[in-house]
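The values are calculated or read from the model by the stated rules, or taken from the named source; none is laboratory data. Note that the structure is a prediction, hence the values are computed from the model and not measured. Note that each Cβ is placed from the backbone with ideal geometry, even for glycine, and that neighbours are counted across all protein chains shown. Surface accessibility is based on the protein's heavy atoms, side chains included, excluding ligands, DNA and RNA. Shrake-Rupley method; radii C 1.70, N 1.55, O 1.52, S 1.80 Å.
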Amino acid sequence: MTSELLQKARTFEARYGRFIPDDQRPVFHMTPNIGWMNDPNGFSIYKGEIHLFYQYHPYENKWGPMHWGHAKTRDFIRWERLPAAMAPDMPYDKDGCFSGSAIELPDGRQLLMYTGVRQVRAENGEVSDIQTQCVAIGDGENYEKLDINPIITAADLPQGGSPHDFRDPKIYKEGDTYYCLVGNRPADGSGSILLYESKDCLSWTYDGVLASCHNQYGLMWECPDFFELDGKYVLLVSPQEMNPIGLEFHAGNGTVCIIGGYDREKHHQIRECVQAIDYGLDFYAPQTLQMPDGRRVMIAWMQNWETTNCQPRGIRYFGEMTIPRELHVRDGRLIQNPVRELENYRSYQILYKNVVFSGTTSLQNVKGRVLDMTVKVRPAMENGSYQWFKINVAMDGEHYVTVRYKPESNTVRIDRTHSGFSHDIVCVRDFLVRPCQKEIKLRLILDRHSLELFVNDGEQAATAMLYTDLNADAINFEADGCVSMDVEKYDLVME
Ligand code: FRU
């Protein structure tokens, strides 16, 4: 049965969502029906289609009592917006249906597992969350929350665990056993990822701690995901309150990928390598699914929590998801590239080979704000060198956003200082790339107000939102020293 609260959300989004003009949305990135969106939830296959739910507050462009919005796609590019799936309409989730995941059950129904939030007031007046894990089951559009909710509670926590930070269940299946990861905060205040198992998704037993932060990478670890990939076990987490570490991690909310082995007996990940997932400014709470063809695909919220009040005016939604990315592990590192389906939308190829220049140049027909462009750069002479190379996009007389490569320091920088933000926010990120290479390959995906950069076939990714007016669509190239570059550019066109 659809509750009054859910019906209200569905009526609201149906009535007002359709008045958001298409040209206020990106062309191929997922956006909410209306209002606020944060984390991707329930990214999964159901009856042969790819479903994506999301943290949703339809009534305003700011975070509020969390609903689950819903969309689906067949190819990760063309999204169909569906009616909201859940509202915070039960005593155990009255203050929010927080993040979670989804899975298709053997009987053909779809199960959503999420965190129910209920706020309580202590005698001293302090308000805190009680977070529990809950389920709803449905047919791909309508879902019933089960009477047995909540199904994982404080009673299922290990000693020292906290019911206040106990969230974001990620469910997966191995053989005939279901597993579920949940983020938690042990007594030392740092993050840990707890593992539970079940035969029916309803009754869960605690297995142990999959991984702990020990106050090393931020504090609370949000939105965990764990999977086997290319012979390694990969854990993705989104830590809060990180301290910066070199050029690898910046302060605040970050994303961390831990690659290693897995001790099945102890249910414990064996840590080998730790890295950031995305080196840009706007990327959080990634979640993955596995495609029937074996691909592991990741999507994330293309935002960061610090700048959610820097919104363009007059637009009735806020929040975009990244382009879904295919993942691999190579040489102990995470490799990510846009899903190959994006290539089906490429049109109007422009190719330039061996363009030799120093100073500034622009190329005929290389411009636009919805495009897929790969640039390869090397010194113009065999043993030559150059100080730096820049690509400027989203340019008009006043604005530009820059991607810069500096061979000497092996760094790439993305810089949106001049993108038109009128807030004093972080606009620059530098990150390390593989040293000593003759040539660097930079692939830029632009979709109106976003830039996603993939370096050297996905060795690093860096993502940023830019709210520059869409008329700013010029592109140019700059080099300090003599370079030779190849440019391959496509418009991305949705018929
Ligand atoms: C991450 C997060 C999750 C939580 C959700 C609430 O961005 O804080 O931990 O479930 O957002 O909207």
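Table for the structure above
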| read-out | value |
| --- | --- |
| Residues of the stretch 219-240 that turn out to be over 18 Å from the mean Cα position of the chain (by Cα) and either at pLDDT below 95 or within 16 Å of the ligand (Cβ to nearest atom) (or both), as a count | 1 |
| The stretch 106-122, subset of a type in the set (G, A, S) and surrounded by fewer than 14 Cβ atoms within 10 Å (Cβ to Cβ), residue farthest from the chain's Cα centre (by Cα) | A122 |
| The stretch 166-182, subset more than 19 Å from the chain's Cα centre (by Cα) and crowded, with 20+ Cβ neighbours inside 10 Å, residue nearest to the ligand (Cβ to nearest atom) | F166 |
| Some residue of the stretch 269-284 being more than 18 Å from D447 (Cα to Cα) and hydroxyl-bearing (S, T, Y) | yes |
| Segments classed as strands (runs of 3 or more DSSP E), wholly inside the stretch 395-438, with at least 1 members that are under 14 Å from S450 (Cα atoms) and open to solvent by 40 Å² or more (accessible area, probe 1.4 Å) | none |
| Any hit, the stretch 20-29, residues being within 15 Å of the ligand (Cβ to nearest atom) and either more than 20 Å from L202 (Cβ to Cβ) or assigned to a helix (DSSP H, G or I) (or both) | no |
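A quick yes/no check of all residues on (1) open to solvent by less than 20 Å² (accessible area, probe 1.4 Å); (2) in contact (Cβ under 8 Å) with a residue 40 or more places away in the chain:
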{"position": "K145", "(1), (2)": "no, yes"}
{"position": "N149", "(1), (2)": "yes, yes"}
{"position": "Q159", "(1), (2)": "no, no"}
{"position": "N184", "(1), (2)": "yes, no"}
